[in-house]
1. I'm checking my understanding of the structure. Among residues of the stretch B:179-202 that are surrounded by fewer than 19 Cβ atoms within 10 Å (Cβ to Cβ) and β-branched (V, I, T), which one is farthest from B:I134 (Cα to Cα)?
2. If you check B:D223, B:D266, which single one turns out to be closer than 21 Å to B:R20 by Cβ, among the charged types (D, E, K, R), surrounded by 15 or more Cβ atoms within 10 Å (Cβ to Cβ) and touching a Lys or Arg at 6+ places or on another chain (Cβ under 8 Å)?
3. For B:G108, state whether it is without any contact (Cβ under 8 Å) to a residue 60 or more places away in the chain and touching an Asp or Glu at 6+ places or on another chain (Cβ under 7 Å).
4. Output yes when any residue across the stretch B:101-112 is over 18 Å from B:H168 (Cβ atoms) and over 17 Å from the mean Cα position of the chain (by Cα), and no when none is.
5. Sort through B:E176, B:E125, B:E205, B:E116 and tell me the only one that's crowded, with 24+ Cβ neighbours inside 10 Å and more than 19 Å from the chain's Cα centre (by Cα).
6. May I ask you to say which residue of A:F37, A:F41, A:F67 is farther than 16 Å from A:T96 by Cα and either within 13 Å of chain B (Cβ to nearest Cβ) or surrounded by 20 or more Cβ atoms within 10 Å (Cβ to Cβ) (or both)?
7. Scan the stretch B:37-68 for residues that are away from every other protein chain (no Cβ under 12 Å) and farther than 16 Å from B:L91 by Cβ and jot them down.
8. Pick out the one residue from A:S57, A:S8, A:S49, A:S23 that is of a type in the set (S, T, N, Q), surrounded by 16 or more Cβ atoms within 10 Å (Cβ to Cβ) and more than 9 Å from every other protein chain (Cβ to nearest Cβ).
Amino acid sequence: MRDLLIESLSASASANAVSWLRSQISELSENFEKRPFYYAFSGVSRRFSKTATIQSSDDTIDGWDEFRAARAALLLVLAQQEKEVFLETFSAVLNTADIREQVALFSALRWMPHQEELVESAVDGLRTNIVDIYDSIALDNPFPQEHFTEEAWTQMVLKAIFITRPLHRIHGIEKRRNATLAEAISDLAHERWAAGRVITPESWRSCIGFIDERIAGDIGKIAESENPDDRAAAALVVAEEESGKLDDLKTALSDELSRIETGDLSWKSLGQEMEDKLIRKSLT
Amino acid sequence: MRFFDSHVHMVSRTTDDYQRMAAAGVAAIIEPSFWQGQPRTEVGTFKDYFNSLIGFERFRASQFGIKHYCTIGLNPKEANNEKLAEAVMELMPLYICKEGVVGIGEIGYDDQSKMEEKYLIKQAEMALEADLPIQIHTPHRDKKKGTSRTMDVLLDVGVSPDKVIIDHNNEETVKEVLDRGFWAAFTIYPHTKLGNQRMVELMLEYGAEKIVVDSAADWGISDPLAVPKTAALMKERGVTVEEIEKVTYHNPLAAYGQSGQVEESDWEEHEGIDASALFEGNTLFRGGQDIEEAMSQYLIE
């Protein structure tokens, strides 16, 4: 992965910046010391473009900004150090990191050793009120689904719903559904509705398999919504729910259900559409 | 007109201040690390303070369209606590190369004690190592000698005067600072430091070369609009727009720009600069009457 990151950086960044990075990596690989690592990790901001992004055939890193990619490459050198040095340095850097450094650290968690010892840091990182940091842990990152307790998972997904993040980009959103989360989503929806507000339609995906009477009522409500995205979500829930508890909604949602059959509608397509709307909204 | 206030302690200021600063045309600011009004007793509070400078305060400023930078350092008052000072020296390397850290500062003398000198030297060496500008706090007491001594020490360490901004100057210190090739910054701070009428006189005498005007607004009675207000007074007294722009914008940008961590394009992408419009017709003008009232009394004594 380190070579892939450097290769992608070579295509976008200045030759000077890339050769600086290569020399830092080779010096640190040969003789790792904390202070030069600190200077290199933070000093990425002095060499690379503040705004440029990299392109890669690997989806994981495609679109990362140069700071994130270069810092991840340096973290892969840290990852080769002995356990104590690794954990001490990782924690020192994380505890003093600025926003973009935190994004790099959390994005690189998937490639780090001793992951069990980094779980608390990731859970703590989600307490941020800065969206970029939250996203670097929760979205497009396999780490939470592999390591989070049910409690931490539930809090992460609830917060994602609360701050309207694209849920289809959470790894394991389907696999890690649970009853507590389903109930909390229903509670949040009722709160929002009481205030005359909405909840992102993607939320209901986490309720599949945990449909009780109240949630069945919620799905019935969104099945009748004027918002086509709500109806699409209701149909996606109905199509996947195997308990038969939602079968009576099938007639009302027949149009949406046939779109699912033809592959025209999926959680991914709905999620992507919601995300596009969110971006459009933030631009206006 | 756009301003760059290169010395202001925003952690002590309110959102009203941010709104007014943005409305008055302050495009970018530097927040130096400083004393918090009472001594810190643990290195952990330094870490959290530095974290707030590169984290939440930067984020908070961005919410008002203001670009926030900082300098990292151990202030002279706390340099007298040797155990704490050593721990802060260990901590600083984690911060000084970060994005938006434009120098080591504010450092210098307070009592002019031996400990203060020890950590002034250590931090000047760190600035050399990381190739960063230095922001100097000159002492309130025995200022003239303290300022000379600071420059002597920095030159001994091997720092280039061109990379040092000596702050809190007055009529007594400015000549030597400029003669020795350092940047001379002036803090427009009511009552205890320098009023802006005196600043205008200084400009008329010394011109704009290597001169910087800042507010150093903090937790005391101070004025986060000191830079735009001083610019307004300068304009009224016949200082040219070009010279006003130099001391309130271009000079601090050039001095701290030597860090490679701040450039005009960082904020220019948001709004173009209209040099002909001083206050009126400011595109960032969103404080309405509030800012008109705030700016109406621009004399700071």
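The values are calculated or read from the model by the stated rules, or taken from the named source; none is laboratory data. Here the structure is a predicted model, which means the values were calculated and not measured. We place every Cβ from the backbone using ideal geometry, glycine too, and count neighbours over all the protein chains shown.
1. To start, the set of residues in the stretch B:179-202 that are surrounded by fewer than 19 Cβ atoms within 10 Å (Cβ to Cβ) comprises B:179-181, B:190-192, B:195, B:197-198, B:200-201.
Then drop every residue that is not β-branched (V, I, T), which leaves B:192, B:200.
Details: B:T192: 24, B:V200: 26 Å.
Once the filter is applied, the top-ranked residue is B:V200.
2. On the way: B:D266 fails: closer than 21 Å to B:R20 by Cβ.
Just a single option satisfies the conditions, and that option is B:D223.
3. Values: without any contact (Cβ under 8 Å) to a residue 60 or more places away in the chain: yes; touching an Asp or Glu at 6+ places or on another chain (Cβ under 7 Å): no.
When the stated conditions are applied, B:G108 does not pass them.
4. No, the conditions are met nowhere in the stretch B:101-112.
5. B:E116
6. On the way: A:F37 fails: farther than 16 Å from A:T96 by Cα; A:F41 fails: farther than 16 Å from A:T96 by Cα.
Of A:F37, A:F41, A:F67, the one residue that is farther than 16 Å from A:T96 by Cα and either within 13 Å of chain B (Cβ to nearest Cβ) or surrounded by 20 or more Cβ atoms within 10 Å (Cβ to Cβ) (or both) is A:F67.
7. Those that are away from every other protein chain (no Cβ under 12 Å) and farther than 16 Å from B:L91 by Cβ: B:G37, B:Q38, B:P39, B:A61, B:F64, B:G65, B:I66.
8. Numbers: A:S57 fails: surrounded by 16 or more Cβ atoms within 10 Å (Cβ to Cβ); A:S49 fails: surrounded by 16 or more Cβ atoms within 10 Å (Cβ to Cβ); A:S23 fails: surrounded by 16 or more Cβ atoms within 10 Å (Cβ to Cβ).
That would be A:S8, the only listed residue that is of a type in the set (S, T, N, Q), surrounded by 16 or more Cβ atoms within 10 Å (Cβ to Cβ) and more than 9 Å from every other protein chain (Cβ to nearest Cβ).
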